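Data first, discussion second: the structure below is written as structure tokens.
The values are calculated or read from the model by the stated rules, or taken from the named source; none is laboratory data. Since the model is a prediction, treat every value here as computed from it, not as a measurement. Quick reminder, even Gly has a Cβ in these numbers, built from the backbone with ideal geometry, and neighbours come from all protein chains shown. To get the accessible areas, we keep the full protein, side chains included, count just its heavy atoms, and leave off ligands, DNA and RNA. Shrake-Rupley method; radii C 1.70, N 1.55, O 1.52, S 1.80 Å.
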Amino acid sequence: MRVDGKVWVVTGAGNGMGRELVLALLDKGARVAAVDRDPDALSATADLAKTGGRLTSYVVDITDSAAVEALPERVVADHGAVDGLLNNAGIIQPFDPVADLTDAAVQRVLSVNLGGTIAMSRAFLPHLLLRPEAHLANVSSMGGFFPFPGQTIYGASKAGVKLFTEGLYAELLGTPVHVSVIFPGAVQTDITANSGVATPVASAEDSKVPMTSPAKAAQIMIRGIERNRLHIHVGLDAKLMSIAIKVAPRSAIRLVKAAMARQVVSEPV
């Protein structure tokens, strides 16, 4: 589905990939409803966009069920319709083994990544089904099909997003709604800081792992959406890992664990 001239809702629009998705969609002629829980971050995105009435902003926490349920009518009132939903908002967990995580940390990750994606999809789907053509795209992660030590709950939440989205694809066959699930690999974003967790690994500048820029990631996502792809892999690492986990899962997992251990940064004592 072409994005130009369509109304798109983007969550996590205040920074990183979400911000770049907003800017890229606007650049291609779309109208965008930008959603984020941080009003200052949304304002910064709007300042960069400079598109007048084609961009509207909504301060919404996607774990707030009442706010999510009310959002579609607000967007329709401002734009007249909704043609596309791009569930991008997400957080990571503290870099700890499952046994060391608090219940609150586990529930927070599941509530934002999986619960928020489900809630937004359910709220907007009735409106998408009314359109001649529409698209629902959910951002999973490379961690949604490949395990990374210290991010097991995050990976489980993103695996849930993967299967939830594939289930929607099956349910919506024969309807006007196209469905995509997106698997970003390593992307240069501030997700660690925005998730409120400390990182024990090297910075993007020091890491030897090739990373995709948020702007490039957004372009790949939009290109995949316009081609109505079910699976959209962002970055060479995501593509390679999707093969490795199928061909040699145990060897691939051991290799990644060893590589991550080499990047650990010692915390000051």
Residue-normalised accessible area of the chain, given per residue in Å² at a 1.4 Å probe: 47 Å²
The chain: angle of helix 214-226 to the longest principal axis, Cα-based, in degrees nearest 10: 50 degrees
Antiparallel bridge percentage (DSSP; both residues within the chain; nearest 5): 5 percent
Relative contact order (%) - region 1-97, alpha-carbon pairs under 8 angstrom, separation at least six: 33 percent
Virtual spin-label span in nm between A81 and R54, 7 Å along Cα→Cβ: 1.8 nm
Distant-in-sequence amide H partners of L55 (H built 1.01 Å from N, under 5 Å): V32
Rounded to 10°, Cα long-axis angle of helix 152-172 versus longest principal axis of the chain: 40 degrees
Distance between region 50-82 and region 130-181 - C-alpha centres, whole angstrom: 21 Å
Ranked packing of 34-46, 108-120, most packed first, by mean Cβ within 10 Å: 108-120, 34-46
For peptides 137-143, 172-178, sequence by mean Cβ density within 10 Å, most packed first: 137-143, 172-178
Carbon + sulfur, % of accessible area of the chain - ligands and nucleic acids excluded, 1.4 Å: 56 percent
Set of aspartates and glutamates with alpha-carbon distance to K257 below 14 Å, sequence-local pairs under 8 removed: D96
Residues whose placed amide H lies under 5 Å from that of T212, excluding near-sequence neighbours: A186, V187, Q188
C-alpha long axis of helix 249-262 to longest principal axis of the chain, angle in °: 80 degrees
Sites E226 and T102 - FRET efficiency at Förster radius 30 Å, r taken between beta-carbons, to 0.05: 0.10
Set of lysines with alpha-carbon distance to K50 below 27 Å, sequence-local pairs under 8 removed: K6, K28, K216
